[in-house]
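Since the structure comes first, as structure tokens, the remarks are kept for the end.
The values are calculated or read from the model by the stated rules, or taken from the named source; none is laboratory data. All of these numbers come straight from a predicted model, not from anything done at the bench. Heads up, the Cβs are rebuilt from the backbone with ideal geometry, glycines too, and the neighbour counts pull from every protein chain shown. Remember, those area values only see protein heavy atoms, side chains included, never the ligands or the DNA or RNA. Shrake-Rupley method; radii C 1.70, N 1.55, O 1.52, S 1.80 Å.
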Amino acid sequence: MKQIKFFLAAIMCILVSNVAMADDTPIPVEQLPAAAKTFVQTNFQGKRIIYAEKDWNSYECRLDDGTKIEFNRKGNWKKVDCHVTPVPAAIIPAPIQQYVETSFPGNIITKIDKERYGYDIELSNDIDLKFNYQGMIIGMDD
């Protein structure tokens, strides 16, 4: 009986520590990976990082224009959400950009996520498009 109680107590400790590690923790901007800071400087010239946080396997930052960017633990971007302004063209694969320009003229890409299957983008008209890594459309939600 003592062993069962000890085992349950150990499991509870592990679960509590894992939950605590999953919380987002604010960090100084200087603690973002170099790749993340370089990504922002290269693609968002003139914008400042005003907030950064870290969880157990990723980073997130917000820019002074409201843009939200998520990075993996190495500092490579995973998600860029510009809300109402265009995502920088340099990070959008050319076939995706061409498809949007042809099929949805007058709309801009406001959000892009890297997913396991490819890319998930959101347009200014609130349509979500899914592309594989080769830039071919594989789905659409409105």
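In the condition set (1) in contact with a strand residue (DSSP E or B) (Cβ under 9 Å, 6 or more places away or on another chain); (2) open to solvent by 30 Å² or more (accessible area, probe 1.4 Å); (3) of a type outside the set (A, V, I, L, M), Gln45 is compliant with all but (1). When restricted to residues that are among the aliphatic types (A, V, I, L, M), in a strand (DSSP E or B) and either over 15 Å from the mean Cα position of the chain (by Cα) or more than 13 Å from Asp81 (Cα to Cα) (or both), segment 106-137 contains 3. Counting only strands (runs of 3 or more DSSP E) that fall entirely inside segment 49-104 and contain at least 2 residues that are within 19 Å of Gly139 (Cα to Cα) and over 13 Å from the mean Cα position of the chain (by Cα), no element qualifies. Taking into account only those residues within segment 111-133 that are of a type in the set (S, T, N, Q) and either free of Cβ contacts under 8 Å to residues at least 24 places away in the same chain or in contact with a Pro (Cβ under 7 Å, 6 or more places away or on another chain) (or both), which is most open to solvent (accessible area, probe 1.4 Å)? Among residues in segment 111-133 that are of a type in the set (S, T, N, Q) and either free of Cβ contacts under 8 Å to residues at least 24 places away in the same chain or in contact with a Pro (Cβ under 7 Å, 6 or more places away or on another chain) (or both), the one most open to solvent (accessible area, probe 1.4 Å) is Asn125.
Screening segment 42-68 for residues that are free of Cβ contacts under 8 Å to residues at least 24 places away in the same chain and of a type in the set (Gly, Ala, Ser) and picking the one that is nearest to Thr25 (Cα to Cα) gives Ser58.
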